[in-house]
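Worksheet: one structure, shown below.
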Amino acid sequence: MGHSHSTVQVGVRNRTLWVGGEAYPLHNIARVHAREWTPDRGAAVREFAKNVAKPIAAGMFALVLLACLGGDAVPGTVYVGLFLLVGGIVTVRAVQLIRYVSQQNRYALVVETAGSPHAALVSTDRNVVLGLVGQVVEAIDNPAKEFSLHVEQVYGDKFDGDKFDGSKFDGDHIGGNKISY
């Protein structure tokens, strides 16, 4: 899955929202809000069932074929190899399922400018993201408001089925729904 955590500095200085090295001038921000992503555990279990049904069915079919050839004609190592192959596939899929369904909810700080929404920060701490939304809104309303804090951010090569590069969160764009194992 490739999810990692790092600490990023978030703050408002000189009427600019800073998230790590990314700058968002406050006068360009049209909307800021929090977005929650929850793993779709039911869909993941259904996907797991589909993914393991095929190798199990193929393994059973192969066993029937081997039995038709006769017990003495097929060495026992072929049966063991078949069992290990199917068992390995099922085990890998089970580990992927467990890793997916045990994921924590994630919360994105979404910044909207004249362009499309941008997930500026993703965290597992809902209160931190909601607090940031409030502080950014306060900074927009109050030109003297400045703040700075360190936030643990979640990132990785893939985030819920897509590359997490700031413009994608929870599907093709902000608000989609994809399963990623």
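The values are calculated or read from the model by the stated rules, or taken from the named source; none is laboratory data. For clarity, every value in this text was computed on a predicted model and none was experimentally measured. Glycine also receives a Cβ, built like all others from the backbone with ideal geometry; neighbour counts cover every protein chain displayed.
With the requirement that a residue be basic (Lys, Arg) and closer than 12 Å to Val129 by Cβ, what does the stretch 16-40 give you?
Scanning the stretch 16-40 gives a single hit, Arg35.
Going through the stretch 105-152 one residue at a time, which ones are within 30 Å of Gly42 (Cβ to Cβ), surrounded by fewer than 15 Cβ atoms within 10 Å (Cβ to Cβ) and modelled with pLDDT under 85?
Ser116
Among the listed residues Gly81, Gly70, Gly134, which satisfies the condition of being on the phi > 0 side of the Ramachandran plot and either touching a residue at least 12 places away in the same chain (Cβ under 8 Å) or not basic (Lys, Arg) (or both)?
Unique residue meeting the criteria: Gly70.
Please enumerate the residues belonging to the stretch 19-53 that are without any contact (Cβ under 8 Å) to a residue 40 or more places away in the chain and either within 22 Å of Asp141 (Cβ to Cβ) or among the charged types (D, E, K, R) (or both).
Ala23, Pro25, His27, Arg46, Lys50
Could you list, in sequence order, all residues of the stretch 24-73 that are among the hydrophobic types (A, V, I, L, M, F, W, C), part of a loop (DSSP other than H, G, I, E, B) and surrounded by 14 or more Cβ atoms within 10 Å (Cβ to Cβ)?
Answer for the stretch 24-73, where residues must be among the hydrophobic types (A, V, I, L, M, F, W, C), part of a loop (DSSP other than H, G, I, E, B) and surrounded by 14 or more Cβ atoms within 10 Å (Cβ to Cβ): just Ile29.
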